[in-house]
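Undergrad: Here it is, the structure, as structure tokens.
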Amino acid sequence: MGYFGDIYDVSKSILTGMGVTLKYFVNPKTITTVQYKRPERRGEGELHEVPHLPDMHKGIHYLETEECIMCWQCANICPVDCIVIEGTRDGEVEGAYQGNRANLTRFTIDYSLCIYCNLCCEACPETSTCIHMGKEFDFTSYDQGSLVKNLLTDEKFTKEDLRFTTNAQSKIEELAEEKKRKAAEAQAARKAAAAAKKAAAAKKAASTPDTPAKKD
């Protein structure tokens with residue numbers, strides 16, 4: 001369309017937008033904006049509106065902790081690596097949250113990275129199906145560090161939570177080393193038993209006299 005055609009298109013879009021703004025300015029009652037905040041009373045009894053959320057709305061996650069088997073499938077499939085899971089299936093950790101044969105010390109989602117793709121929920125195995133996207137959407141903050149949610153407590157991930165996970169990590173590593181040690185001992189015992197069985201069979205074969213061949 002050329003230079004003047006571009007000017008016409010831009011001018012038309014600006015005038016259209018300003019016309020909508022002027023219409024609402026003259027008659028503000030026609031504005032259909034819904035308040036962003038969750039329903040809560042402010043001032044003198046003012047009640048914020050509840051937005052309509054469809055059944056397939058992808059909101060803030062929640063976790064059924066007792067169903068979690070700590071398989072890391074949700075964290076592994078996350079395209080932005082916003083899920084962090086820590087814990088163990090090797091034993092008890094004091095203060096940990098009890099999952100399905102698992103002790104969870106951390107399960108967080110960083111909402112400064114999350115793109116609400118729902119892949120984590122789809123990856124959750126049918127035997128667990130513990131992570132879901134709910135209808136909560138208000139997780140605002142002035143501090144980016146406060147946008148990390150602790151799904152084990154349904155609250156923001158705090159410095160106390162971080163301190164607990166850091167301290168629990170040594171116990172998790174200790175349990176992992178204990179499991180490796182027991183596995184190595186069991187393997188060595190199996191090898192020793194197999195060697196003893198083989199030696200006994202060889203000794204028995206050596207002590208048995210050869211049967212003389214029959215003459216025709």
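Here, each number is a calculation from the coordinates, and none is a lab measurement. Only a predicted model underlies this, so the values are computations on that prediction, with no experimental measurement involved. With ideal geometry, Cβ positions are generated from the backbone for all residues, glycine too; neighbour counts draw on all protein chains shown.
Undergrad: In square nanometres, what is one fourth of the surface area of the convex hull spanned by the alpha carbons of segment 61-168?
TA: Working: hull surface 26.2 nm².
Projected area, direction-averaged: 6.6 nm².
Undergrad: Over the Cα atoms of the chain, Rg to Rh with Kirkwood Rh, two decimal places? Display every interim value, and only then the final one.
TA: Working: Rg = 32.3 Å, Rh = 23.7 Å.
Rg/Rh for the chain comes to 1.36.
Undergrad: Mind checking the dipole of segment 61-168: about its Cα centre, +1 per Lys or Arg Cβ, -1 per Asp or Glu Cβ, Debye to the nearest 20? Don't skip to the end; give the middle numbers.
TA: Working: 8 positive and 18 negative charges, 35 e Å.
The dipole of segment 61-168 has a size of about 160 debye.
Undergrad: If you filter segment 137-216 for trypsin sites (Lys or Arg not before Pro), then keep DSSP loop positions with at most 13 other Cβ within 10 Å, what is left? Numbers along the way, then the final one.
TA: On the way: sites: LYS149, LYS156, LYS159, ARG163, LYS171, LYS179, LYS180, ARG181, LYS182, ARG190, LYS191, LYS197, LYS198, LYS203, LYS204, LYS214, LYS215; in loops: LYS214, LYS215.
Of the trypsin sites (Lys or Arg not before Pro), the ones in loops of segment 137-216 whose Cβ has at most 13 other Cβ atoms within 10 Å are LYS214, LYS215.
Undergrad: If you don't mind, there's one more thing I want to ask. Only Cα pairs under 8 Å and at least 6 apart count here; give the relative contact order of the chain as a rounded whole percent.
TA: Working: 235 pairs, mean separation 38.4, N = 216.
Relative contact order here is 18 percent.
Undergrad: Multiply the residue separation of GLU94 and LEU113 by 0.36 nm, subtract the distance between their alpha-carbon atoms, and state the gained length in nm to one decimal.
TA: Extending this stretch completely gives an extra 3.8 nm.
Undergrad: So if I place +1 on the C-beta of Lys and Arg and -1 on the C-beta of Asp and Glu, and nothing else carries charge, what would the dipole magnitude of the chain be about its Cα centre? I want it in debye, nearest 20. If you can, show how the numbers build up before the last one.
TA: Working: 29 positive and 32 negative charges, 276 e Å.
The dipole of the chain has a size of about 1320 debye.
Undergrad: Oh, and also: Please compare each pair in LYS135/LYS159; LYS149/LYS171; LYS58/LYS159; LYS179/LYS204; LYS159/LYS179; LYS171/LYS191 to a cut-off of 32 Å on the Cα-Cα distance and tell me which ones are over it. Walk me through the numbers before you get to the answer.
TA: On the way: LYS135/LYS159 27 Å; LYS149/LYS171 24 Å; LYS58/LYS159 28 Å; LYS179/LYS204 37 Å; LYS159/LYS179 30 Å; LYS171/LYS191 30 Å.
As for pairs spanning more than 32 Å Cα to Cα, those are LYS179/LYS204.
Undergrad: Sticking with this structure for a sec: Give me MET70, MET133, MET18 sorted ascending by neighbouring Cβ count inside 10 Å, so fewest comes first.
TA: On the way: MET70 20, MET133 17, MET18 11.
The most exposed by this proxy come first: MET18, MET133, MET70.
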